[in-house]
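Nothing in this text is a laboratory measurement; each read-out follows from the coordinates by a stated rule. The shown structure was predicted, so the numbers you read here are calculated from the model rather than taken from an experiment. A quick note on method: Cβ atoms are made from the backbone with ideal geometry, for glycine too, and the neighbour counts reach across all protein chains shown.
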Amino acid sequence: MDLLRSNLSRVRIPEPTNRVYKQECCLSFDTPISDGGLFIDMFTFLAFGKDYVGWNFEKTGNPVYLHVKKTKKLVPEDRPSKKPTLLAIGVDGGFDNNDAEYEETHNIVILPDYVSLSFPSVELPEKVRLAADAILRDAGAERKEQVSAWTADRKLESVYAVNLQQIDNSVVIPPSGWKCSQCDKTDNLWLNLTDGVILCGRKNWDGSGGNNHAVEHYKKTGYPLAVKLGTITADLEAADVFSYPEDENVLDPLLAQHLAFFGIDFSSLQKTEMTTAEKELDQNTNFEWNRIQESGQEVEPIFGPGFTGLVNLGNSCYLAATMQAVFSSRSFSSRYYINQNLKKAFEAAPADPTVDLNMQLTKLAHGLLSGKYSVPQVENDENKNVATTPTSTVQEGIPPRMFKALVAASHPEFSSMRQQDALEFFLHFLDQVERANAGKTELDPARSFKFGVEDRILCSSGKVAYNRRHDYILSLNIPLHEATNKEELELFHKLKAEKLSEGKEVSGDEIVRPRVPLEACLASFSSPEEIHDFYSTALQAKTTAVKSAGLTSFPDYLVLHMRKFVMEEGWVPKKLDVYVDVPDIIDISHMRSKGHQPGEELLPDGVPTKDDSETPLANEDIVSQLNSMGFHLIHCQKAAINTSNAGVEEAMNWLLSHMDDPDIDAPISKGRGSESVDQSKVDTLISFGFQDDVARKALKASGGDIEKATDWIFSNPDASVSNMDATASNTTSGTNDGDLPDGGGKYRLMGIVSHIGTSTHCGHYVAHILKDGRWVIFNDNKVGASINPPKDMGYLYFFERLNS
């Protein structure tokens, strides 16, 4: 007790603003359930496992810890589970996962000799008792972030509700028997709260839903609010009310009054339609297993080093699948596991290791690759007081909470609990890794995925221009006209037409999908394409140019992205139902760009004529089509300009990857030489001591981001302004391939990330990885030997270069 009193200066009572970690070690995936329990530093409120708390004492000198140990209780097998009504965890109406119950014990432990004092105890100093009580009462930083993310999407009150004007059309809505006033739809119906018209909802990507009559009515009339019929009960807040101008599900505080205007007594209605949230819940809790997850197959579970699953934190399968593929690469496993031990990473980390990417990547790598946590789950043994009997099929896996919270902190979508695009996350992750290793090229593992791309633009004048850029993924179109099973497809379409005429549906066994070879997709990337409205400095006018692409370097790891989401007629996004035949070995040597060839005349440096130089011109067709999809007008214009009016798909890809640019809402700069450059940012870089022309070029190369621009300048000390003009005669556009990996063009398939669902923002992601000569399926925390890896159904393909 005297020892404790002598260290009271190293004890703090946590304030409401302090982050208290009590569920997981900062350096490992140890928890209070682990053998040694968890030690919470009573000065910093960081938590450490038994093997790591000594490191913290050595680094900080903090000797006083609250030790928390949980031991599992026996739980009755017939404990009832509640059906969730809210897409949330840990709140009323949320998911009840029948979590096990635990006995929890607490002690005050003083290092370095691990002197232990029981808690609670009236003999302890008051400051220690208050601090320990406050730590135990705190929900915990991990739990707060999780609950906050789940409940972040609560509906807000519509600004149009209070002063909503309602038109007396003598409309009285019957209590049942509703039908769209413009078609025969009897479900997914919406009542416009201004004029009482009943219309069907939006058509979904897969063709289900309505016929867009409700939204078309809003576009014609401007009447803002509609309520979904069948979702109205006495609990009016649970009803689906949509605000078209706000483009959100909203609350209407006067909904009862607005319904009464049309003769609706809401208290007599019974809910018959699933709300939007319940549909999402239905998709999440009634998941459709198919070939990608190898359902119905006797998958042999695998445990040990390199075979650790990742616990799904709630729609985090996109992260899990991507990280399994990334850490199967030698570059990442070497950087954060083989050549980086946990203690050194902790010693180099700042005071709070939870906010250090190097530390959290090292923690994740050791968790995934060491095998420490790749052990079977345990079940309650009825003959014992503790849970010790391992199951034969599933491992507990590790929950990547701290890693997700850190890598997603700067991204509003990834920090939510919504499903995300694995491709977008992969690119965001590599960008974060590159930033964390800025100035340390030899240590940057993201570099192993990076390669150069060169676009050759042939003007109608016969002169050429070369533009270079760097990328982490090779995004490929899927040319359906190159399908190798055209005869089978024709027979299937005839069968489908016949069955439809008879009012029958085609069974799943009868469906025939196009089969397109990967070689055709790669050829499509390199094949020439026309660019309309290309400004030629040789002709001093707009013309049609021909663009072709090639690679200036071949990365250690090549990631292919299959563009399965396309725009069908009416510009409705659609997922292609197609197989891509991907071989185990590919050779892309023929895709290496040749660069400026002898005899080619380069487009000259030049300034457009006065009429053309006032404002960069965007193709109106491209802009209007993007605008009709709901994108902001200025964003659409910038997308068209920055892709040289190449087409809607190119503009949309640019727009989706630049939505978070700090200058995305800035007015379009006048003059071709100053496109996308904010003068205030130029002035900022000049104040750092950089020249005006170098500052402008760096901002162009970094999309207007000052931090990236600064990194770019230091990475390109010989930069000059002339090579940044898209129509300039220089063969580069501010990129330097000298520090990129390069080698032969032969690659072996080593990983597949597959997607299930109609959209990248819903459904499920699964990874298949080639390890030790066999394919392994990583389905969240389930890891097993793959029997039939879906090589023809991938969304992202990871290839490793073969050494010559």
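Which percent of Cα-Cα pairs in the range 396-523 sits in each 5 Å bin, short to long?
For the range 396-523, the binned pair fractions read 2, 7, 10, 10, 11, 11, 10, 12, 10, 8, 5, 2, 1, 0 percent.
For the range 158-223, with the dipole built from +1 on Lys and Arg beta-carbon atoms and -1 on Asp and Glu ones, taken about the Cα centre, which of Ile198, Ala214, Trp178 lies farthest toward the positive end?
Ala214
Add +1 for every Lys or Arg and -1 for every Asp or Glu among the other residues with Cβ under 9 Å from the Cβ of Ser644, and state the total. Walk me through the numbers on the way to the answer.
Values: positive: Lys547; negative: Asp533, Glu650.
Here the count lands on -1.
Pairs Lys440/Lys771; Lys22/Lys70; Lys594/Lys638; Lys771/Lys791: which exceed 21 Å Cα-Cα? Walk me through the numbers on the way to the answer.
On the way: Lys440/Lys771 29 Å; Lys22/Lys70 12 Å; Lys594/Lys638 30 Å; Lys771/Lys791 15 Å.
Listed pairs above 21 Å: Lys440/Lys771; Lys594/Lys638.
Give me the count of lysine pairs in the range 482-561 whose alpha carbons sit under 23 angstrom apart, restricted to pairs 8 or more positions apart or on different chains.
5
Just flag the GluC sites (Glu not before Pro) in the range 450-532 sitting in loop per DSSP whose Cβ has no more than 12 other Cβ atoms within 10 Å. Don't jump to the answer; show the numbers that get you there.
On the way: sites: Glu454, Glu482, Glu487, Glu488, Glu490, Glu498, Glu502, Glu505, Glu510, Glu519, Glu529, Glu530; in loops: Glu502, Glu505.
Hits after loop and neighbour filter: Glu502, Glu505.
Taking R0 as 22 Å, what's the FRET efficiency between Thr186 and Asp509 from their Cβ-Cβ distance, rounded to 0.05? Before the final figure, lay out the partial values.
Working: r = 31 Å, r/R0 = 1.39.
Rounded to the nearest 0.05, the efficiency is 0.10.
Can you work out ³J(HN,Hα) from phi for every residue in the range 740-757, in order, using Karplus 6.51 cos²θ - 1.76 cosθ + 1.60 and θ = phi - 60°, giving whole Hz and x for Gly and Pro?
Calculated HN-Hα couplings, in order: 8, x, 7, x, x, x, 8, 9, 10, 5, 10, x, 9, 10, 10, 10, 10, x Hz.
Please give the net charge around Leu342, taking every other residue with its beta carbon less than 14 angstrom from that of Leu342, where Lys and Arg add +1 and Asp and Glu add -1.
+2
Which entries of Lys203/Lys564; Lys155/Lys404; Lys372/Lys450; Lys179/Lys220 show an alpha-carbon separation above 30 angstrom in the structure shown? Each step should come with its number before you reach the end.
Numbers: Lys203/Lys564 19 Å; Lys155/Lys404 25 Å; Lys372/Lys450 32 Å; Lys179/Lys220 20 Å.
The answer is Lys372/Lys450.
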